[in-house]
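See structure below.
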Amino acid sequence: MPSLGKLQQFSRVPLAHTPTPIEAMPNLSAHLGGATLYIKRDDCTGLALGGNKARQLEYHLGDALVQNADTILITGAVQSNFVRMAAAGAAKLGLACHIQLEERVTDARPEYRQSGNVLLDRILGAVIHTYPKGEDESGADNNLRKLAEELRVAGKKPYIIPLAPGHPPLGALGYVRAASEILEQLADADYRVDEIVVASGSGNTHAGLLFGLRAMGSSINVTGACVRRHRQAQLARIRARCQEIAELLEIKSPVRLQDIQLTDHFFAPGYGQLNDAARDTIHLCARLEALLLDPVYTGKSMAACIQRARDCGPDQSILFIHTGGAPGVFAYSGQLLPAGG
Ligand SMILES: *Cc1c(COP(=O)(O)O)cnc(C)c1O
């Protein structure tokens, strides 16, 4: 009997519209002439424009409520979708939200600093702090702890959603849960899927999904598309995440080392930096499937999915996880249109 261990015992506050649909992508499939492509619409979770963080926040904010918190603290890139959705979740639950925005992207344009997610953060009423360094996860977390201490002294009950590894990956539980949702939908629709392609950033989505699938007895391949760091570093991270999930759920990890598949082919030049393949993919999917992909995550992960589809034969089928991020389109408006077009 497949087991998800103690999953039911974690407090979860419903925030996402689920189940999100799984749809066919007939135009893109025909265009590529390779594998049959499906898409899981986790860009349609709701919560102030949707995305994968809605499922993750159900567990983080569920825990915050159990601990009687009144103020949420979170850190991330200036155009972080996680931060925007945490601000949305906090607003919905009547909690204050302090966000710390890190300078991860150098020579950013004015729209990067003012539009997209950061505009939404302001509209959602979050208190914004800034942190000068972008590649210093534990430094960012330390600074967040300082902010939390100040709030505590002022009589608040702060709750930190941490960024650096080494904390129980509560957010990953959202994707352990999503794995069983996906398996149920595939069975109901009678879709056979050989492979899933998903963006791999913090790794909570990738590791949670992979863990959930294997724990439920599914052997579907999962390919993580690197969007935050290169393959070797990400491999170590996903491995550690799977182990942490196992500890959290108090079961033995069903994920073997060879289950962790990653590609960093579309990662360059780095986090939050658009490349030609991602830009072309954004245009292609908008025109063929009316899908809005983003410059930081799904433009790159879909580019990886398309590569897999081309490599596979027409007898194979691939499910792409759309993890959201559409507000990023506005933050990168100056770079998204091809010259002259
Ligand atoms: C955060 C994010 C990801 C990466 O998810 P992780 O769980 O951090 O790996 C992918 N796509 C979008 C749109 C995101 O906001």
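Would you be able to say whether some residue in region 205-226 is assigned by TED's automatic domain parsing to the domain that holds Ala326, in contact with a Phe, Trp or Tyr (Cβ under 9 Å, 6 or more places away or on another chain) and not in a helix (DSSP H, G or I)? There is at least one residue in region 205-226 that is assigned by TED's automatic domain parsing to the domain that holds Ala326, in contact with a Phe, Trp or Tyr (Cβ under 9 Å, 6 or more places away or on another chain) and not in a helix (DSSP H, G or I). Scanning region 247-265 for residues that are without any contact (Cβ under 8 Å) to a residue 60 or more places away in the chain, closer than 14 Å to Gly212 by Cα and buried (at least 17 other Cβ atoms within 10 Å of the Cβ) yields Ser253, Pro254, Val255, Asp259, Ile260. Just checking, does region 223-230 include any residue being within 16 Å of the ligand (Cβ to nearest atom) and of a type in the set (Gly, Ala, Ser)? Yes.
In region 69-88, the count of residues that are buried (at least 20 other Cβ atoms within 10 Å of the Cβ), away from the ligand (no atom under 16 Å from the Cβ), aliphatic (A, V, I, L, M) and in a strand (DSSP E or B) is one or more. Within this structure, Ala304 passes the test of being at pLDDT 95 or above and buried (at least 19 other Cβ atoms within 10 Å of the Cβ). Consider region 181-208 and keep the residues that are crowded, with 24+ Cβ neighbours inside 10 Å and more than 9 Å from the ligand (Cβ to nearest atom). The one that is farthest from Ser317 (Cα to Cα) is Ile182.
Using the structure shown, decide if Ala96 is over 22 Å from Gly325 (Cα atoms) and touching a residue at least 40 places away in the same chain (Cβ under 8 Å). Yes, satisfied.
For region 242-300, the tally of residues that are among the small types (Gly, Ala, Ser) and under 26 Å from Ala179 (Cα atoms) stands at 4.
Do we have Ala268 as in contact with a Gly (Cβ under 6 Å, 6 or more places away or on another chain) and either more than 13 Å from the ligand (Cβ to nearest atom) or over 23 Å from Gly76 (Cβ atoms) (or both) here? Taking the combined requirement at face value, the residue does not satisfy it.
Going through (1) within 12 Å of the ligand (Cβ to nearest atom); (2) part of a loop (DSSP other than H, G, I, E, B) one by one, Arg237 falls short only on (2).
The values are calculated or read from the model by the stated rules, or taken from the named source; none is laboratory data. Here the structure is a predicted model, which means the values were calculated and not measured. Positions of Cβ are backbone-derived with ideal geometry, glycine not excepted, and every protein chain shown enters the neighbour counts.
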